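So the structure is just underneath, and the comments pick up after that.
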Amino acid sequence: MKNAIRTIAIAALAFALVGCSSASTGSTSTKTSGEDKTIKVGATAVPHAEILNNVVKDVLAKDGWTLEVTEFTDYVTPNTALEEGSLDANYFQTLGYMNDQNTSKGLHLAAAVGVHIEPMGIYSATVTDIKDLKDGATISLPNDADNLDRGLRVLVQAGLLEDPGTDEYVTETTFNGNKELNPHNYDIQPVEAAQVPLTLEDVDAVVANGNYALEADLPSKHPAIYVEQFDQETSVKRTNYVVVKDENLDTEKTKALVKAITSDEVKSYIEDTYKGSVIASFIDTEGNPVD
């Protein structure tokens with residue numbers, strides 16, 4: 001009987017020790033999580049990853065943070081990776097694109113802060129003046145809903161197409177074959193955004209996103225024959241934002257990243273490096289300046 005009691009006592013003691021050990025492990029795990037000072041950000045290469053690697057990384061390091069940048073070549077997977085949790089933030093997209101992806105893909109993303117605007121440009125390998133673009137010319141532009149609408153409105157701004165008179169998204173079908181809205185009978189061909197600059201030799205003109213135009217060195221090889229113009233409303237629509245999961249808007253990582261990416265160092269880098277091809281735009285989602 002004594003042996004049985006002794007066995008029970010030893011077992012109870014072992015259980016208690018295991019319980020203490022488990023509690024201690026849980027406490028250590030919480031502490032480790034609290035000391036996570038690495039911020040993982042996904043971005044397209046130019047100018048986003050350049051800005052992150054060349055400036056933001058050093059600014060964050062001064063406050064004890066480590067920045068890890070993953071480069072993407074498309075506009076889809078950075079949001080998928082953020083939704084799935086392999087990234088803390090991404091930096092490449094406008095509010096319109098983010099909202100469209102939230103709706104169409106069932107994502108849960110939110111804008112943390114605006115950083116810059118990349119004006120869309122119309123580029124051509126055959127003409128140097130937009131007035132010389134011939135009737136029936138073929139024009140390629142991005143095929144995702146937000147950038148397709150934007151590109152078509154740049155063509156309206158440039159006087160190549162007529163204003164469709166709606167704030168709803170328009171597509172190539174709005175204009176192709178429509179003599180009233182497309183009096184010069186341009187053949188508008190949407191392609192994947194990253195591929196637009198690569199079509200330049202096969203079409204008469206392209207309407208390219210700023211980041212992909214810079215990657216392809218279009219401003220140097222074939223200077224834009226028209227550059228997108230902005231008013232206060234379109235500045236908010238066209239600003240590229242740092243985006244996070246909506247549940248992480250107020251985390252320490254997000255706050256640190258927002259502080260670093262809207263620093264004077266970043267503003268100076270954008271101005272000195274891109275000379276108008278990229279425009280600093282430190283604003284919130286309502287267009288209010290961020291200090």
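For segment 71-163, the Kirkwood estimate of the hydrodynamic radius, built from every pair of different alpha carbons, is 15.5 Å.
Placing unit charges on each Cβ (+1 for Lys and Arg, -1 for Asp and Glu) gives the chain a dipole about its Cα centre, and among Gln93, Ala145, Ile122 the Cα reaching farthest toward its positive end belongs to Gln93.
Diagonalising the gyration tensor over the Cα atoms of segment 172-252 and scaling each eigenvalue by 5 before taking the square root yields semi-axes of 30, 19, 14 Å, largest first. Taking the DSSP bridge list for the chain and keeping only pairs wholly inside it, about 50 percent are antiparallel. Helix screen, the chain: DSSP H segments with Cα axial length of 24 Å or more and mean Kyte-Doolittle hydropathy at least 0.0 are 2-34. Dipole check for segment 99-162: with +1 at the C-beta of Lys and Arg, -1 at the C-beta of Asp and Glu, and the Cα centre as origin, the magnitude is about 80 Debye. For Leu141, the residues whose modelled amide H falls within less than 5 Å of its own, excluding neighbours fewer than 5 places apart on the same chain, are Gln189, Val191, Val207. Based on alpha carbons, the Rg and Dmax found for the chain are 25.4, 105 Å. The alpha carbons of segment 85-126 give a radius of gyration and a Dmax of 14.0, 45 Å, in that order. Rolling a 1.4 Å probe over the protein heavy atoms gives the chain an accessible area of 50 Å² per residue. What the Kirkwood sum gives for segment 136-291 is a hydrodynamic radius of 17.4 Å, with every pair of different alpha carbons counted. Basic side chains Lys and Arg get +1 at the Cβ, acidic Asp and Glu get -1 at the Cβ, and with that the dipole of the chain about its Cα centre reaches some 1680 debye. Setting aside same-chain residues fewer than 8 positions from Lys245, which lysines have a Cα under 27 Å from its Cα? Hits, sequence-local ones excluded: Lys31, Lys37, Lys40, Lys57, Lys62, Lys105, Lys237, Lys253, Lys255, Lys259, Lys267. Annotation for Asp132 and Glu180: the two label points, set 7 Å from Cα along the Cα-Cβ direction, are 3.4 nm apart.
The values are calculated or read from the model by the stated rules, or taken from the named source; none is laboratory data. Please read all numbers here as calculations on a predicted model, not as lab measurements. All Cβ positions, even for glycine, are placed from backbone atoms using ideal geometry, and neighbour counts span all protein chains on display. Note: accessible area is taken over every heavy atom of the protein model, side chains too, but ligands, DNA and RNA are not part of it. Shrake-Rupley method; radii C 1.70, N 1.55, O 1.52, S 1.80 Å.
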